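The values are calculated or read from the model by the stated rules, or taken from the named source; none is laboratory data. Bear in mind the structure is a predicted one, so any value in this text is a computation, not a measurement. Note that each Cβ is placed from the backbone with ideal geometry, even for glycine, and that neighbours are counted across all protein chains shown. What goes into the accessible areas is simple: the full protein's heavy atoms, side chains included, and nothing from ligands, DNA or RNA. Shrake-Rupley method; radii C 1.70, N 1.55, O 1.52, S 1.80 Å.
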Amino acid sequence: VVVRLATTLSFATAKSTAELFLPEVPATEVIEHATLGFGRFTTSWFEYAPPPEDDGDVLVVLVDSKGTPQATEHELALRRQPWKDRPRAASPRHRGRQNRGRRPKKKRRKPNDKSKNARMATMVVMYTLRTDGIELHGPINKWHYASFAPKKHAFAIAWREARKRGFNPDSDDRIQIITDGDPDLARYSKIFFPKAIHTLDIIHVTERLWKASACLFENGSEAQETWVEQQKDLLYSGLVTEVIGELRAQRKKLCRSQKNKTRRDRLKDHIDYLKARVHMMNYHELVDEDLELGSGAVEGAVKHIIGKRCDQGGMRWIVERNEAVVQLRCIEVNGDWESFAAFVHDRIRSQQLDDLCRIRIQQKEPDPLPTLVNRTKCKAAA
């Protein structure tokens, strides 16, 4: 119960919450060790979990990334310092002063310097749509997966799950992939889903148009809003090249003065972004086929699964520990916790019978990040 709570709340908050309705609650450290122990089985669970029943006939795969704060080497050294070597103080006030006094003085950060020390996790959201006449109804059997392993690993897992659900990425099965325009995600989409429809999230394109309009009009003006709406109409009509042409024409109107240099550079960046992704913006065809245009499902999942639990004030993670929490949280959000708990119980019981010794679920050290999935093994599992 407390490990399940720890997928949503911090370890200390999970303990205090469990104390409200349980007669005995383990210590915070025990909860953390139990969470790492359950985390040992997440890779096996995602590999051997049965596919959902009564699935649709169109597969939609959405991929996005999210960074979580990681502990620096200096912070880890302070954590691992033995208690007997730590300075003592008479009260919390003076202990705080001692801590502030022994820390190295921080330099003022530069504008582009990130204090988060983030490590990126890749989130995959997968569901199906069912054809009903000329419409597609859904989402059906929504499934989440997140990992701090390389992006290629997340696509390998999505490839395995697609085959498990009866969709062959190398055939003409209807599969749609939606990303935010990240070149890495586009490259892996072609590798693992060569025949899928790859779509650029239209909200990211709209944001680009608003940023471009800020270089041409006064922010909040009626002219700015009218111009953006005109470009959006062109996008939905499949006239992406006209949008790019309009941006180029507006850029030429800006004189080559030092004052307009920043505006011209920004417009060129937006033009290059759209030009490189024209093949991913066939929105008029997607509207006709009633397919997806945006990646709202994965954007919400990133905030709910990763951000809500792992990106709060004062949090500093070790990436392997973060991996265990995030994957357990995905299992909880997928609605598979009871089945996963039974799976862990059966694995531990089988291991105890084989080794003839007690197996503790708790684990002090987390397992390493998962490695890339072998395609042959994926096909066998599917």
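At 1.4 Å probe radius, can you tell me the per residue accessible area of the chain in Å²? That works out to 56 Å² per residue.
With each label modelled as a point 7 angstrom along the Cα→C-beta vector, the VAL228-ASP354 pair spans 5.8 nm. Shown is the FRET efficiency for ARG264 and GLU365, computed with R0 = 56 Å from the Cβ-Cβ distance and rounded to the nearest 0.05: 0.55.
In this structure, LEU372 and ASN117 have a Cβ-Cβ separation that, at R0 = 22 Å, corresponds to a calculated FRET efficiency of about 0.30. If R0 is 22 Å, the Cβ-Cβ spacing of GLU53 and HIS137 corresponds to a FRET efficiency of close to 0.85.
For the residues PHE217, PHE340, PHE167, a GNM of the chain with alpha-carbon springs under 10 Å puts the largest fluctuation on PHE217. Highest mean packing comes first when the peptides 37-48, 321-332 are listed by Cβ atoms within 10 Å, giving 321-332, 37-48.
Roughly how many nanometres apart are two label points built 7 Å out from the Cα toward the Cβ at SER44 and THR241? Label-label distance for SER44 and THR241, simple model: 5.6 nm. Could you tell me the accessible area of LEU293 in Å² (1.4 Å probe, neighbours in place), rounded to the nearest ten? Solvent-accessible area, nearest 10 Å²: 30 Å². Of the cross-linked pairs LYS164/LYS190; LYS152/LYS195; LYS152/LYS364; LYS211/LYS232; LYS232/LYS303, which ones have a Cα-Cα span greater than 23 Å in the structure shown? Going by Cα-Cα distance, LYS152/LYS364; LYS232/LYS303 fall outside the 23 Å limit.
Sorting 3-11, 154-162, 221-229 by average packing, meaning the other beta carbons within 10 Å per residue, from highest down gives 154-162, 3-11, 221-229.
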